[in-house]
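Notes for the one structure printed next.
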Amino acid sequence: MRKSIDLKVNPTFVNAYKNGYPLISPESLENWSKVEDEGTILTLLDDKNKFIAKGYFGKQNKGYGWILSRKKEVTIDKDFFVKKIKEAITYRQDFYHSEVTTAFRVLNGEGDGLGGLTIDYFDGYYLLTWYSIGIYTFKEDILKALQATVSYKGIYQKKRFDAKGQYLDDTDDFICGQKAPEPLIVKENDANFAVYLDDGAMVGIFLDQKEVRKTIRDKYAKGNTVLNTFSYTGAFSVFAALGGANDTTSVDLANRSRKKTQEQFLVNNIDLEKQKIIVEDVFNYFKYAVRKKLSFDMVVLDPPSFARSKKHTFSASKDYVKLLKEAIQITNRNGIIVASTNASNFDMKRFKTFIEKAFKELNEKYSIEETFSLPKDFRVSDTFKEGNYLKVVFIRKY
Ligand code: SAH
């Protein structure tokens, strides 16, 4: 039997939970000493012992668990999850019916009322990502719920259990159904992507950037020279090339990025001749570019929110100004910098102050052409706006 424990909410948090705030934090509840096992159902009570909400205990980078329901009589079982999954699918009907896109997010954690879990769709295959041991204890019911709700070719999973959300275990990524081809070719706005559902922590594409990629291809790429930094599998370069970029340069530190990027070009029938792929620390590359007097019509910046390389530590909240200054120096006049970050410890307003500062310090002028946050399938809860971590700004340098 799953344990269930009543806990008093710290009075300063009562209103937030009554209004639907979904995250359970260590400060928000009293008597944590009663709670031992991940996956324990927590019933939140106010100071008069009145029911507020039900959630579960699961430690992850963001907190100690998530609210699941504000109904007192609810049981957290297969039927509960069926309801959540059905709602999530209904919300994404346009994606299921799309002929040009076959990869998207089906369920986005707390944005769909199920914090700690995401479900992605890749052309008939489903990928579950578990962000805590707590949510993973519901695996059997969640899996049954998914199987009862969708028709699928196969189901995969990723476990990201530790405090930093790091990927833990790749011995059992495949759960059931048919195994996916390797690579599995999916489509996004008519472009192809090679994804690997059973090859470590990442599958080869970040689905949250779909609108940004489309915008680069449709509005900004034509005839231009493009530098894509922190390029991973080169997704931005592929869209730039498809949009008629004159040439692309993709820079990433990871060795695997060369082959992976070539593959993404090839599955889109793009001639590799004008696509440079450089395996190097981005900060070294900037120095090299300045020395060689290289400059670009478009520079894409998409760093991880935190990274440590041999020589540099990069933290988006501390170092983004520096990164922008490097980029500004090698961007042509009238050119575009696409500045992106998925850091959740600052918001768009603060991100724009980084941009302001970088241009000011270099005495350069700019305008903001457009901005993006998460796309529709990455649903965000109205009561948890910080769940919208993605910030992308298209900046024109004058
Ligand atoms: N822009 C990519 C996603 C970037 S993921 C896309 O659209 O798919 C972050 C990438 O940054 C990783 O591939 C990692 O290898 C790379 N990286 C981290 N630190 C780096 C550094 N100092 N120089 C170059 N690449 C770096």
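Every read-out reported here was derived from the displayed coordinates using simple, explicitly stated rules and does not represent laboratory data. Everything numeric here is computed off the predicted structure, so don't read it as measured data. When we count neighbours, we look across all protein chains shown, and the Cβ atoms used for this are built from the backbone with ideal geometry, even at glycine.
Remarks
- Largest-first principal axis extents of the Cα set of the chain (Å): 68, 48, 38
- Isotropically averaged projected area of the stretch 129-220, using the convex hull of Cα atoms (one quarter of hull area), nm²: 7.3
- Listed by Cβ neighbour count within 10 Å, with the fewest neighbours leading, 1, 202, 298 appear as 1, 202, 298.
- Inter-part distance, the stretch 309-326 to the stretch 1-75, computed on C-alpha centroids, equals 38 Å.
- Residues 249, 261, 353, ranked from the fewest to the most other C-beta atoms within 10 Å, line up as 353, 249, 261.
- Report summary: the helix-based calculation at 222 nm, which adds -39500 (n - 2.57) for every DSSP H run with n ≥ 4 and divides by the residues of the chain, gives -7000 deg cm²/dmol.
- Compactness index (Cα Rg / 2.2 N^0.38 Å), the stretch 4-69: 0.96
- The chain, relative contact order [Cα under 8 Å, separation at least 6], %: 11
- Ellipsoid semi-axes for the stretch 206-397, based on the Cα gyration tensor and the rule √(5λ), read 23, 20, 17 Å when sorted largest first.
- Compactness of the stretch 1-133, expressed as Rg and Dmax over alpha-carbon positions, Å: 16.2, 54
- log₁₀ of I(q)/I(0) at q = 0.17, 0.18, 0.24 Å⁻¹ - the stretch 88-183, Debye sum with one point per alpha carbon: -0.77, -0.86, -1.44
- Among 90, 283, 362 - extreme Cα towards positive end, dipole of the chain, charges at beta-carbon: 362
- Here the Kirkwood formula puts the hydrodynamic radius of the stretch 168-245 at 13.9 Å, using every distinct Cα pair.
- Each principal axis of the Cα cloud of the stretch 224-329 was evaluated for its coordinate range; sorted largest first, these ranges are 39, 27, 22 Å.
- Which of 66, 32, 130 has the fewest Cβ neighbours within 10 Å, and the rest in rising order: 32, 130, 66
- Computed from Cα atoms, the angle from the helix 316-329 axis to the main principal axis of the chain rounds to 20 degrees.
- Gain upon complete extension [residue 349, residue 8; 0.36 nm per residue less C-alpha separation]: 119.3 nm
- Pairs of Lys in the stretch 77-202 closer than 16 Å at Cα, counting only those 8 or more apart or on different chains: 13
- Placing R0 at 35 angstrom, the Cβ-Cβ distance between residue 329 and residue 48 gives a FRET efficiency of 0.05 after rounding to 0.05.
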